[in-house]
Amino acid sequence: MKDTDIMSADASSAPSSTLASVPVRLSDYTPPAYGVEQVDLVFRLDPARTVVQSRLHVIRQPGTPEGAVFHLDGEALELLSLRIDGREVGAEEYHLTRHGLDISGLPAESVLEIDTAIAPEQNTELSGLYVSQGAFFTQCEAEGFRRITYFPDRPDVMARYTTTIVAPRTVPVLLSNGNPVDAGEAEGGLHWAKWEDPHPKPCYLFALVAGDLAAVRDSFVTRSGRRVALAIWVREGDQDRCAHAMDSLKRSMRWDEDVFGLEYDLDVFNIAAVSDFNMGAMENKGLNVFNTKYVLARPDTATDSDYQGIETVIAHEYFHNWTGNRVTCRDWFQLTLKEGLTVFRDQEFSADMGSRAVKRISDVRTLRAAQFREDAGPLAHPVRPETYIKIDNFYTATVYQKGAELVRMIRTLIGREKFRQGMDLYFQRHDNHAVTLEDFAAAMQDASGIDLSLFRRWYGQAGTPVLRITDEYDASAHRYVLHVTQYTPPTPGQEEKQPLLIPIAVGLLDETGAALSFRLEGEEKAHSDTRILRLEQETQSFVFHDVARAPQPSLLRDFSAPVKLADTPADRLRFLAAYDSDPFVRWDSGQQYATQKLLQQVAASRDGAAPSLDEGIMESVAASIARAPEDPALAAEAMALPAETTLADAMEVVDVEGIHAVRRTARAAIGQHLRAALRAGYEAWSTGDVTALDGRAMGGRAFRNACLGYLAAADDGKAGEGVTLAWKQFQANRCMTDVLAALSVLADTDVPEREQALVLFYDRWRGDALVLDKWFAIQAMSSRPDALEQVRRLISHPEFDWRNPNRVRAVLTSFASGNQVRFHDASGAGYAFLADAILHLDGINGQIAARMTAPLGAWRRQDQARAEMMQAQLRRIAARPNLSGNVREIVDRSLR
Ligand code: TRP
Ligand code: ZN
């Protein structure tokens with residue numbers, strides 16, 4: 001490869017982010033004109049200049065006219081040479097643009113050889129091939145492969161790959177997809193390894209990892225008796241933090257066999273951990289790449305929720321091997337086909353591993369906090385979007401979490417057995433293909449015989465439906481009727497909404513909380529278990545026969561649909577919170593009740609009333625504490641007050657200060673009134689094995705730390721019993737869960753121990769990036785009035801690194817999404833700070849900068865002064881020339 005081989009420099013150094021932004025539309029989909037059967041790649045690794053040789057076996061598709069253009073995407077590439085069937089092509093045979101390479105006149109079958117050069121060490125966007133701490137990693141989903149070589153970068157082009165990696169011997173570990181087939185030494189201090197992936201795949205599943213990494217090894221024998229070599233690749237010294245990830249992997253492999261009959265399909269399964277990563281992890285075939293945050297854990301470095309996150313993400317990526325890899329998406333509009341389904345699968349896995357009720361509660365909490373919020377704002381979009389500019393912007397709570405709820409509703413509607421048969425049929429029909437949501441729904445419908453055509457509206461309609469319910473009881477006829485109305489508020493681009501098919505799980509209770517039996521219209525016998533009502537129209541009535549007494553309805557059990565229930569009377573919420581047999585409804589009713597009462601106080605305090613804590617809230621927290629011995633995890637969930645952001649989401653116009661003050665006062669009052677019970681709860685759970693990770697052990701820690709939080713709240717930021725306990729707990733240094741809980745209590749205070757603890761923590765963990773992230777995050781989330789000043793200090797701290805997404809999130813996301821009262825400070829300083837940060841970040845990593853932009857879009861529900869300041873910051877960002885397509889898209893949609 002000589003310099004004179006360079007054919008065009010036109011595209012060589014343009015970062016992806018500055019490329020023109022043209023919307024892509026679902027309705028424009030056309031199948032590829034050319035297929036690629038085989039891809040043979042050779043990488044000569046060099047951080048400054050890596051040369052990639054690609055050899056493609058290209059087939060013109062049936063129906064494609066002769067002479068049709070073959071488009072290969074390419075971005076930030078230097079084209080070195082291009083050959084067709086062994087012959088160097090002339091300049092008139094291809095056309096090079098900033099988006100890629102167009103070749104016309106290819107024969108029915110041809111071999112394309114393309115050599116490109118790339119600069120991994122310059123790659124700060126972490127998409128394509130990049131360097132992190134001296135090692136090489138790739139990230140190709142969604143459109144990163146085009147930053148490695150010219151290729152039709154779309155998921156419906158599936159090919160078999162071989163990958164040969166050539167590198168200096170100082171880069172000892174060379175990994176790619178599939179199975180290792182050969183390796184050897186080469187001249188000049190080089191060595192090489194060759195990998196072969198027998199399964200056809202889209203290029204977004206390509207991966208390469210190379211560097212001086214250490215392996216933690218294990219093995220797994222599949223149910224048909226094949227031994228799979230497992231390895232987790234980490235930096236030297238991190239080997240003692242991989243046990244939980246490995247254990248989670250083996251449990252995932254077993255679970256997918258047991259529950260879905262799905263077996264692993266290669267001889268090796270590798271996981272590589274990297275510190276610099278845009279998302280959580282990536283399911284590349286046979287070579288998952290993980291953010292270190294979702295691999296590394298030891299009781300002294302990771303919290304219980306870190307452990308749970310690892311279990312979930314390990315499972316999620318592993319489950320993609322079937323839902324995503326073996327059966328993949330036709331185009332990126334179908335993203336939820338793999339993500340919604342795989343989230344559903346990882347949720348079910350975690351539910352089976354621990355407490356199903358607690359898992360469901362925490363999944364619904366996440367759904368409401370992220371997805372309902374998204375659905376209510378300017379970035380609302382259907383689970384299957386119709387148009388996008390940057391697909392990276394659509395890896396959202398809607399596609400993931402709401403998508404998982406849609407899968408769950410299908411299972412609820414057709415039943416578990418039919419659902420499993422539907423999955424089997426889906427794999428039978430579509431293995432090794434790139435398919436659509438219609439294909440998935442058809443498999444479910446055909447296997448169950450239940451009509452799902454109406455259900456499909458869920459995929460195209462954005463917004464969270466609201467259910468309004470009234471009821472009546474006819475004592476003489478023993479007849480009970482529920483009248484249900486559904487309404488979905490308009491979302492951007494969708495003014496008119498259609499009624500959806502909504503499964504409502506219902507049970508009836510008598511006045512003592514015992515289940516009442518009933519017979520639904522059309523049913524022969526009465527029974528007292530949960531039944532599913534199918535709401536299909538805007539308004540519908542459901543008749544219950546043989547109901548002995550006036551019932552209390554328990555609705556939406558286990559959260560049977562991602563909807564809101566409006567206006568449930570407070571006394572009914574209190575009743576359900578105390579008596580329902582469904583743990584989700586019990587928890588939720590308590591939360592809804594607290595939300596109603598706290599918001600009433602927010603309103604009252606605006607009218608000058610002094611805050612006084614509702615006795616129902618107090619009673620329910622006391623009851624939760626009393627029930628802790630049964631299930632401490634559930635108690636911890638039930639005794640928590642709704643978050644400030646949850647209260648904000650329930651207000652027409654957010655009262656930032658009012659919410660903060662009322663919630664804080666309520667917590668202090670609970671801490672004071674229930675001090676004895678809290679103290680007893682705290683003491684009762686203070687022993688135990690800190691390395692135990694079962695639900696009860698983790699629940700015990702969660703409950704104990706919830707008690708600590710209230711005891712400290714009673715001190716209201718000053719010295720007192722809670723603060724003393726927190727300081728002791730911090731010093732005891734038993735495990736990260738307890739240390740961090742104590743530190744976050746102290747971080748909100750004004751006592752000298754606060755600074756002491758922060759310094760101690762920093763000194764202890766300064767060499768450990770993941771733990772240090774916690775130190776950054778806790779300060780960014782502090783509710784102290786000087787939080788913004790602290791955050792400014794944090795981003796000029798020597799350990800702050802704009803190129804590391806985890807560190808950036810630890811400060812910016814924690815502040816903008818996890819610190820409502822300080823981010824939304826009335827001065828607008830929080831907004832200006834965030835906008836500055838986004839502008840700085842955009843030149844480094846557009847994907848991450850775009851994610852930081854969403855909080856500014858929430859201006860519509862703020863008061864007028866805040867709304868204007870937020871819009872002004874959005875406009876300031878919009879005015880920047882050369883903004884990345886990622887940020888441009890989010891800013892434009894946020895201002896609309
Ligand atoms: N498919 C990945 C997952 O959900 C998501 C992902 C990882 C991703 N890295 C990414 C998406 C980078 C966009 C860009 O498991
Ligand atoms: Zn995924």
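The values are calculated or read from the model by the stated rules, or taken from the named source; none is laboratory data. This one's a predicted model, so the numbers in the text were calculated from it and none came from an experiment. Here Cβ is always computed from backbone atoms with ideal geometry, including for glycine, and neighbour counts include all displayed protein chains. Areas reflect the complete protein model, heavy atoms only, side chains present, ligands, DNA and RNA absent. Shrake-Rupley method; radii C 1.70, N 1.55, O 1.52, S 1.80 Å.
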Residue pairs meeting the criteria (Cβ under 9 Å; at least 6 apart or on separate chains; first more than 14 Å from ligand 1 (Cβ to nearest atom), in the stretch 330-353; second among the β-branched types (V, I, T) and open to solvent by less than 10 Å² (accessible area, probe 1.4 Å)): R330/V435; F333/I391
Can you name the number of the only condition in (1) out of contact with any helix residue (DSSP H, G or I) (no Cβ under 7 Å at 6 or more places or on another chain); (2) within 30 Å of V653 (Cα to Cα) that F815 fails? (1)
Identity of the residue in the stretch 71-109, more than 26 Å from Y204 (Cβ to Cβ) and in a strand (DSSP E or B), that ends up least open to solvent (accessible area, probe 1.4 Å): E88
Unique residue being within 16 Å of ligand 1 (Cβ to nearest atom), of a type in the set (V, I, T) and either modelled with pLDDT of 95 or more or farther than 29 Å from T312 by Cβ (or both) when the list is I469, I450, I391: I391
For the stretch 794-838, how many residues are open to solvent by 30 Å² or more (accessible area, probe 1.4 Å), over 20 Å from the mean Cα position of the chain (by Cα) and not aliphatic (A, V, I, L, M)? 11
Please specify each residue of the stretch 139-164 satisfying the condition of being closer than 16 Å to Q61 by Cα and open to solvent by 10 Å² or more (accessible area, probe 1.4 Å). R154, D156, M158
Could you please find all residues in the stretch 110-138 being within 16 Å of ligand 1 (Cβ to nearest atom) and either open to solvent by 50 Å² or more (accessible area, probe 1.4 Å) or in a strand (DSSP E or B) (or both)? G128, L129, Y130, S132, F137, T138
Taking the stretch 433-455 on its own, how many of its residues are open to solvent by 40 Å² or more (accessible area, probe 1.4 Å) and either free of Cβ contacts under 8 Å to residues at least 40 places away in the same chain or under 20 Å from Y29 (Cβ atoms) (or both)? 9
So which residues in the stretch 374-388 are among the β-branched types (V, I, T) and either within 14 Å of ligand 1 (Cβ to nearest atom) or surrounded by fewer than 19 Cβ atoms within 10 Å (Cβ to Cβ) (or both)? T387
Please verify whether the stretch 148-168 includes one or more residues that are part of a loop (DSSP other than H, G, I, E, B) and farther than 25 Å from Y29 by Cβ. no
Would you confirm whether any residue within the stretch 227-234 is basic (K, R), open to solvent by 10 Å² or more (accessible area, probe 1.4 Å) and closer than 16 Å to K250 by Cα? yes
How many residues does the stretch 187-223 contain that are part of a loop (DSSP other than H, G, I, E, B), open to solvent by 10 Å² or more (accessible area, probe 1.4 Å) and either acidic (D, E) or in contact with a helix residue (DSSP H, G or I) (Cβ under 9 Å, 6 or more places away or on another chain) (or both)? 3
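So, N278, is that one of a type outside the set (A, V, I, L, M), away from ligand 2 (no atom under 11 Å from the Cβ), touching a Pro at 6+ places or on another chain (Cβ under 7 Å) and in a loop (DSSP other than H, G, I, E, B) or not?
Working: of a type outside the set (A, V, I, L, M): yes; away from ligand 2 (no atom under 11 Å from the Cβ): yes; touching a Pro at 6+ places or on another chain (Cβ under 7 Å): yes; in a loop (DSSP other than H, G, I, E, B): yes.
Answer is yes for this residue.
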Of the numbered conditions (1) farther than 30 Å from I844 by Cα; (2) in contact (Cβ under 8 Å) with a residue 24 or more places away in the chain; (3) not basic (K, R), T292 fails exactly one; give the number of that condition. (1)
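What residue, of T328, T303, is among the β-branched types (V, I, T) and within 15 Å of ligand 2 (Cβ to nearest atom)?
Values: T303 fails: within 15 Å of ligand 2 (Cβ to nearest atom).
Selected residue: T328, the only one of T328, T303 that is among the β-branched types (V, I, T) and within 15 Å of ligand 2 (Cβ to nearest atom).
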Which numbered condition trips up I310, out of (1) free of Cβ contacts under 8 Å to residues at least 24 places away in the same chain; (2) within 29 Å of R734 (Cβ to Cβ); (3) within 15 Å of ligand 1 (Cβ to nearest atom)? (1)
Check the stretch 396-403 and report whether any residue there is under 19 Å from V343 (Cβ atoms) and out of contact with any helix residue (DSSP H, G or I) (no Cβ under 7 Å at 6 or more places or on another chain). no
Any residue at all in the stretch 351-367 that's surrounded by fewer than 23 Cβ atoms within 10 Å (Cβ to Cβ), within 12 Å of ligand 2 (Cβ to nearest atom), outside the structural domain of D649 (by the TED database) and closer than 24 Å to P642 by Cβ? no
